[in-house]
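> The structure follows.
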Amino acid sequence: MSILSVEHLTKIYGDGDTAVRALDDVSFTVEAGEFIAIVGSSGSGKSTLLHIIGGVDRPTSGSVYVQGQDIYQRSDEQIAVFRRREVGLIYQFYNLIPILDVVENMTLPVLMDGRQVNQDHLEQLIRALGLSGREHYMPSQLSGGQQQRVAVGRALMNSPAIVLADEPTGNLDGKNSAEVMHLLRDSNKRLKQTLIVITHDEDIALMADRVIAIEDGRLVSDSHQG
Amino acid sequence: MNIFYRLAARTLKVNYVRTLVSLCGIVLSSLLLTAIFTSVETLSNLLITSTIAASGSWQVAYTDASQNDVQDTLADTRVTASAQVERYGYALADSAEEDDGYFTYFSLSSLSKKNQDDQVLPSIALAEGRLPQNSHEIIIPESLRGYTYDEGFDTDGFEQSNSFMVGATVGMALGKRQMTSDGQLIYLDENYSVQIDEQGNVTEELVDIAPMRTFTIVGMYSMEGTQNEFWNSPAGYSFITYDDGGIEPIYSTLYVRADGLKTYQEIEGLAHRFDADNGTVSATLHNSLLTYQGLTEDTPASAAFWAIGCLLSGIVLAASVTLVYNSFAISIAERTRQLGLLSSIGASKKQLRVAIFTEAAVLGLVGIPAGILLGIASTRAAFALSQDGLLALLYGNGAIETTNASVNIVVTAPILLGIVAVEAVTLLASTAVPAIRASKASAIDALRQPRDSRSTQAGLRKRTARILPIWAKGIRQAVAQRIDRAYLALGGVAHLLARRNLNRPNPKGRIAVLSLAISVALLVLSGALIQYLEQVVDIVGTQGVDITAYLDREIQQDETVADLLADVHTVGDKLVNASDATLVGYSSFISSYGSLSSGTYNPQALDTIQKETDILSDDAPTVIDDSYYGIIHIQFVDDESWRAYIESLGLDADQYCDAGNPVAVGFNGAYQQWDGKRYVVKSFSNTGTATLYTCIQAIDQSSPNAIKAAKDGQPEMEYYLYDEDATVIRRPIEDAVQGTYKVPIGTIADTAPACAEDTGVYSPMIILPISALATISNAATPTVDSVRAQEQAAGISLESRWSENNPFSFYPSGEGNGAYHMFPLSITYSFASANPRQTTEQLSRELNTMLNNRAVYPYGSANDATESTRTQRAIILSVKIFTGCFAGITTLIAVANVFNTISTSFVLRRRDFAVLRSIGMDNKMFRKMIVRECASYAVRGLALGLILAFAAIGGLLFIAGGVLVDAAFALPPAWIALAALEVLFVLAISTVYALRKSSAGNVVESLREDLA
């Protein structure tokens, strides 16, 4: 069973003359453990696609199946829970809650669920993310790269079905970019974490198993790489 | 702890300024609500306690109750407290004056029996002596002091050993009063005065008369204000004795209280418990108390207080709702991205709402109890400070010192719980909308870059698009462009930007302006009210006179006027010795007809006062050949005061202090107060001679009323007949006036001696030493004697006002001419004292001993002149305190609201400002832009507030009609200035704060801040 299945996804903003087709009948499937890069020019609809997959934005028509479940058949409450547990989201900017510290930001999805944090898992992640000693730092005390690593940690904390990243390195310098991508790749290879990344960066696209190109809201190519 | 609770706590901590401001809003509104309703409860309670103090706590009284009735009632389970007063009957008496047609009854009843419940009946305040301790002792009303009543006519039912005074004895044969009316036999109770027919004969009779019994007067009770009203009889006099079983009661009155009855139907039920029987019992309800207890059919008086309380609360809650709503709305707007992020990570809508409501809950948990406690404390303080005024309002003048009542504030649990509930609901309501908005925060909108939600802008454009037709839009645009150009020309970019910012749809800004306007309106209204009240208080200078004592002195057989005056002087000393007062002087005011020599009187004296006020009729005084004819007032002052007065005027003592040849001072300082303005009546334009008419011919059944010019231009006296047509009889002056006395007016002065009473006169007034009174009287008496003899011989009845015809003649009243010949000399003594109230009491006591001898001193009383001023000042202070506090606190809430709105609106636009700076706007321009925006808030808030205030004042004037118009309910300039200051202040602090926050830091950092 594919971990993700997108069928005839369409998203239209506005109405009448000012209507914009952000997505136009997009369909594809993703298998567990795949690393997918989504590419396309600005305004092509990539972010929209990601948001819809992540349960953040409703499609105008079409369906999204995660682990066999049509996520948009659920209530708002259930979708929220879906976002907590089955999806990990990473953005280019503004990933962290400024008034929570590193650990709190990372464990946010778990805490929202009202469950106990697995301390071992947390420690492991912190070590892996190179954040040891900074557990109680506030975001304002971290560099851009460190903040992004916390975001990655948050995304991985719940061991979600899919990690979705929208230009995760867009705001980082070369070194930090490499570090973040290393972490993501690592989780993908070792932990079999399904990973979908929107990127402009060719190097990142090359890392992926599969590249999906979106243009004017349409899926124009879907190629596997070696 | 739940992560969302942690988030809420952190958010509050990080934005501590806004948290504090919101907290202040909640504290202040809880404070005000507590204060308002505690005050309402306290005032309602005060009405009840003051009524109980004055007339007891009984609710139903059963009169004419037999002993069986009493026992039966006491057995009724509804009755929780009772007091029984025995009634022993009446004695009838004829007043001491022969044939004056005045009869009265004396009723005898007991104090309530021993072991009666406290407070069911009010206690008796004694003016002298003690309470009776057996059934041969009585206390009597103080107003009977010194009087002697004739025996009961027809029956030997009433005797006095002496005039009424403590220690004297009284004998009474008590019976029941009854009369036959239309064939019916009715018993008369104390509500009926003695029944007489048209001829003046008594038509009632006394039956079941007990044997004569002697009582000793051991004390007197007074009737100051409402004191002892309960114990006195409405149509006669009430004597009170002690019930030791020595007298057989005719019937009893049972007073009961039923604490368990809560509705007026239940009370009525209790009152009607005897209806089925055919007995004599009738029931009375204590309506004055029941009204305040809410146990009558009408709406309880306290309902008015509650209505006002709710109205004020409405205002307060409106203000605090806007404050809290604004705070949270701003807070949410700032955190849109954060909320969007949380949503995208998986926070459910409910969880986000919980976060917001938790913030509100924390503020509530801290703010509401704090506010309530502060409210109770401040109410206590306000009542303590305004206690005097409240007591004065409740108990009338003199209450401040006579009552020992203090105002205890009433704090009840239901009220506090109610306030907590109301505040909680308000808090919930204020945060509900922002909370729902927060939960709806779409992650998408949040994560986008531009924060100005385009939807609102689009919405506005859509709305206006629908309203205006195209041509109007075109005009609108053209006008807008012109204004923009003007702004640019006048103030540069800064102003233009300010205007554009202000033109953005800004509901929060509008709310801030509104709350500012409300507080301005409240300040101005409070000021207008206080200003009006202060105008109403007629604060006239008392010239160092704190107490005045009035005394009438009846001339005795074989006493000369000189003797009389000597006694008057001695009394002055006696009064000073009996108290800690200092005698300022004494005076006697006599009005006489007379004339002033040509050129003495100023014919325009009354012009202004007649034109501008309604005090006088528009009749002109009679001036013939430049001579005044009419009333001349003479103010006789004691010789010492006169001497000092003459010296102060720099006049020759020899000339003015010759008792045998009096020389007067003309007084040009008379004034009247009208509508807050003083009108001076200058009667004299020159010195001259005053001719006093010391003896005017009497015309039967009439009295002289005015001197007018006859058709031939000569002065004539007008007499008014006591008939239905008010016929006027005219006599030429030469015929009417039989005796005169000429007094030279040596000088004219604007001041009078301090002891001169009544200087607010319209007719000309001269001042003379009191020794001159003896001189004038002695000169007048022979003429008066002979004229009187003639009139008697001619059979002229002396219903004519004898004293008006002969103001300078004093005859002992026993002279066989009836009451109309009793014209004692009226003296006013003026005293100064450091402790007026105490001194007044001492003087009263001394006067009372003199009044025991009414034959010599028919009347006397001491009066605290400073009292009403003190009372009025106290009342005004109370009003000031309460309105001031209310307006002040509401202002604070408004200030917090505006500060919040303005400062945050700038903080939110930090990035915009950074962009402006980055493209080259300097600090000065920047400041100008911000100040310009703030000024707009100021102007709008102030303008709207003033409009609201004027509208309210106008409405009040319209509703109140003529009552308030007298003292113009004018606009209070000082308070308007204060309101303007408030507005400026709040804007100043908002601007400073905003400037600090928005200009701080690196331009680049501000730009980037958002991106990180």
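> Quick one: which strands (runs of 3 or more DSSP E) sit completely within the stretch B:657-711 and have at least 3 residues that are at negative phi, among the β-branched types (Val, Ile, Thr) and open to solvent by less than 60 Å² (accessible area, probe 1.4 Å)?
By residue number, B:688-696.
> Among (1) open to solvent by less than 20 Å² (accessible area, probe 1.4 Å); (2) at pLDDT 85 or above; (3) within 14 Å of another protein chain (Cβ to nearest Cβ), which single condition is B:SER331 missing?
(2)
> Inside the stretch B:211-253, can you point out the residues that are over 19 Å from B:TYR149 (Cβ atoms), open to solvent by less than 20 Å² (accessible area, probe 1.4 Å) and outside any strand (DSSP E or B)?
Answer for the stretch B:211-253, where residues must be over 19 Å from B:TYR149 (Cβ atoms), open to solvent by less than 20 Å² (accessible area, probe 1.4 Å) and outside any strand (DSSP E or B): B:SER222, B:ASN228.
> Among the residues of the stretch B:42-66, write down those that are part of a helix (DSSP H, G or I) and touching a strand residue (DSSP E or B) at 6+ places or on another chain (Cβ under 7 Å). It would help to see each step written out before you state the result.
Filtering the stretch B:42-66 down to residues part of a helix (DSSP H, G or I) leaves B:42-55.
Across the stretch B:42-66, there are no qualifying residues.
> Give me the residue from the stretch B:784-839 that is among the basic types (Lys, Arg) and within 23 Å of B:LEU721 (Cα to Cα) and, out of that set, modelled with the highest pLDDT.
Here is the first cut: in the stretch B:784-839, the residues among the basic types (Lys, Arg) are B:788, B:801, B:837.
In the following step, the residues that additionally are within 23 Å of B:LEU721 (Cα to Cα) were identified as B:788, B:801.
On the way: B:ARG788: 81, B:ARG801: 58.
Filtering first and then ranking leaves B:ARG788.
> Let me ask another. Which residue pairs have Cβ atoms closer than 8 Å, lie 6 or more positions apart in sequence or on different chains, and pair a first residue in the stretch B:191-215 that is in the same structural domain as B:TYR90 (by the TED database) with a second residue that is open to solvent by 50 Å² or more (accessible area, probe 1.4 Å) and part of a strand (DSSP E or B)?
Short answer, once both residue conditions are applied: B:VAL202/B:ILE196; B:THR203/B:ILE196; B:LEU206/B:LYS176; B:VAL207/B:LYS176; B:ASP208/B:LYS176; B:MET212/B:GLU159.
> Can you name the residue in the stretch B:347-374 that is within 14 Å of another protein chain (Cβ to nearest Cβ) and hydrophobic (A, V, I, L, M, F, W, C) and is also surrounded by the most Cβ atoms within 10 Å (Cβ to Cβ) among such residues?
B:ALA347
> Only residues that are assigned to a loop (DSSP other than H, G, I, E, B) and touching a strand residue (DSSP E or B) at 6+ places or on another chain (Cβ under 8 Å): list them for the stretch B:586-605, please. Give the derivation first.
Here is the first cut: in the stretch B:586-605, the ones assigned to a loop (DSSP other than H, G, I, E, B) are B:597-600, B:602-605.
B:SER597, B:SER598, B:GLY599, B:THR600, B:ASN602, B:PRO603, B:ALA605 - these are the residues of the stretch B:586-605 that are assigned to a loop (DSSP other than H, G, I, E, B) and touching a strand residue (DSSP E or B) at 6+ places or on another chain (Cβ under 8 Å).
> While we're looking at this one, here's another question. Quick one: which of B:ALA9, B:ALA35 is surrounded by fewer than 24 Cβ atoms within 10 Å (Cβ to Cβ) and in a helix (DSSP H, G or I)?
B:ALA9
> Within the stretch B:105-163, restricting attention to residues that are of a type in the set (Gly, Ala, Ser) and assigned to a strand (DSSP E or B), which residue is modelled with the lowest pLDDT? So that I can check it myself, show each step before the final result.
Narrowing the stretch B:105-163 to residues of a type in the set (Gly, Ala, Ser): B:107, B:109-110, B:112, B:123, B:125, B:127, B:129, B:135, B:143, B:146, B:152, B:157, B:161, B:163.
From the residues that got through so far, the ones that are assigned to a strand (DSSP E or B) too are B:107, B:109-110, B:127, B:129.
Details: B:SER107: 87, B:SER109: 87, B:SER110: 87, B:ALA127: 84, B:GLY129: 91.
Among those residues, the one meeting the criterion is B:ALA127.
> Also, quick follow-up: State yes or no: is A:VAL30 aliphatic (A, V, I, L, M) and within 19 Å of the chain's Cα centre (by Cα)? Talk me through it step by step, then tell me what you get.
Working: aliphatic (A, V, I, L, M): yes; within 19 Å of the chain's Cα centre (by Cα): yes.
Criteria met by A:VAL30.
> If B:ASP208 meets every condition in (1) among the acidic types (Asp, Glu); (2) open to solvent by 70 Å² or more (accessible area, probe 1.4 Å); (3) more than 26 Å from B:PRO132 (Cβ to Cβ) apart from one, which number is that one?
Answer for B:ASP208: the failing condition is (3).
> If you don't mind, there's one more thing I want to ask. Working carefully through the options A:HIS51, A:HIS8, find the one that is touching an Asp or Glu at 6+ places or on another chain (Cβ under 7 Å), more than 10 Å from every other protein chain (Cβ to nearest Cβ) and not hydrophobic (A, V, I, L, M, F, W, C).
On the way: A:HIS51 fails: more than 10 Å from every other protein chain (Cβ to nearest Cβ).
Exactly one of A:HIS51, A:HIS8 is touching an Asp or Glu at 6+ places or on another chain (Cβ under 7 Å), more than 10 Å from every other protein chain (Cβ to nearest Cβ) and not hydrophobic (A, V, I, L, M, F, W, C), namely A:HIS8.
> Please work out which residue is farthest from the other protein chains (Cβ to nearest Cβ), limiting yourself to the stretch A:57-75 and to residues that are small (Gly, Ala, Ser) and part of a strand (DSSP E or B).
Quick first cut of the stretch A:57-75, residues small (Gly, Ala, Ser) only: A:61-63, A:68, A:75.
Next cut, part of a strand (DSSP E or B) only: A:61-63.
Values: A:SER61: 18, A:GLY62: 17, A:SER63: 19 Å.
So, considering only residues that are small (Gly, Ala, Ser) and part of a strand (DSSP E or B), the one farthest from the other protein chains (Cβ to nearest Cβ) is A:SER63.
> Those residues that are open to solvent by 40 Å² or more (accessible area, probe 1.4 Å), among the aliphatic types (A, V, I, L, M) and within 12 Å of another protein chain (Cβ to nearest Cβ), I need them from the stretch B:12-32; list them, please.
B:VAL14
> Taking the options B:ASP735, B:ASP723, name whichever one is under 45 Å from the mean Cα position of the chain (by Cα) and exposed (fewer than 13 other Cβ atoms within 10 Å of the Cβ). Reasoning before the result, please.
Working: B:ASP735 fails: under 45 Å from the mean Cα position of the chain (by Cα).
From the options B:ASP735, B:ASP723, the qualifying one is B:ASP723.
> Being closer than 30 Å to B:THR77 by Cα and assigned by the TED database to the domain that holds B:ALA127 narrows it down to one of B:ASP275, B:ASP243, so name that one. Walk me through how you get there before you give the answer.
Values: B:ASP275 fails: assigned by the TED database to the domain that holds B:ALA127.
So the residue among B:ASP275, B:ASP243 that is closer than 30 Å to B:THR77 by Cα and assigned by the TED database to the domain that holds B:ALA127 is B:ASP243.
> May I pose another question? Just to verify a result, which residue in the stretch A:147-158, among those that are within 12 Å of chain B (Cβ to nearest Cβ) and in contact with a Leu (Cβ under 8 Å, 6 or more places away or on another chain), is surrounded by the most Cβ atoms within 10 Å (Cβ to Cβ)?
At the first step, the residues of the stretch A:147-158 found to be within 12 Å of chain B (Cβ to nearest Cβ) are A:147-148, A:151, A:154-155, A:157-158.
Next, only the ones that are in contact with a Leu (Cβ under 8 Å, 6 or more places away or on another chain) stay: A:147-148, A:151, A:154-155, A:157.
Working: A:GLN147: 24, A:GLN148: 29, A:ALA151: 26, A:ARG154: 25, A:ALA155: 27, A:MET157: 21.
Among those that are within 12 Å of chain B (Cβ to nearest Cβ) and in contact with a Leu (Cβ under 8 Å, 6 or more places away or on another chain), it is A:GLN148.
> Here is a follow-up. Suppose the filter is open to solvent by 10 Å² or more (accessible area, probe 1.4 Å), over 19 Å from A:PRO168 (Cα atoms) and either under 17 Å from the mean Cα position of the chain (by Cα) or touching a residue at least 24 places away in the same chain (Cβ under 8 Å) (or both); does A:GLU77 pass it?
No.
> For the stretch A:25-56, how many residues are in a strand (DSSP E or B), open to solvent by 30 Å² or more (accessible area, probe 1.4 Å) and more than 19 Å from A:PRO168 (Cα to Cα)? Give the steps one after another, and end with the answer.
At the first step, the residues of the stretch A:25-56 found to be in a strand (DSSP E or B) are A:25-30, A:35-39.
Still in the list and also open to solvent by 30 Å² or more (accessible area, probe 1.4 Å): A:25, A:27, A:29, A:39.
Within this subset, residues satisfying the condition of being more than 19 Å from A:PRO168 (Cα to Cα) are A:25, A:27, A:29.
Of the residues in the stretch A:25-56, 3 are in a strand (DSSP E or B), open to solvent by 30 Å² or more (accessible area, probe 1.4 Å) and more than 19 Å from A:PRO168 (Cα to Cα).
> Still on this structure, I have one more. B:SER344 - would you say it is surrounded by 14 or more Cβ atoms within 10 Å (Cβ to Cβ), within 14 Å of chain A (Cβ to nearest Cβ) and closer than 29 Å to B:ALA887 by Cα? If you could, list the steps in order and put the result at the bottom.
On the way: surrounded by 14 or more Cβ atoms within 10 Å (Cβ to Cβ): yes; within 14 Å of chain A (Cβ to nearest Cβ): yes; closer than 29 Å to B:ALA887 by Cα: no.
Against the criterion (surrounded by 14 or more Cβ atoms within 10 Å (Cβ to Cβ), within 14 Å of chain A (Cβ to nearest Cβ) and closer than 29 Å to B:ALA887 by Cα), B:SER344 does not qualify.
The values are calculated or read from the model by the stated rules, or taken from the named source; none is laboratory data. Keep in mind that what you see is a predicted model, and the values were worked out from it rather than measured. Virtual Cβ from ideal backbone geometry, glycine too; neighbours counted across all protein chains shown. Ligands, DNA and RNA are stripped out before the accessible areas are found, and what is left, the full protein with its side chains, is counted by its heavy atoms. Shrake-Rupley method; radii C 1.70, N 1.55, O 1.52, S 1.80 Å.
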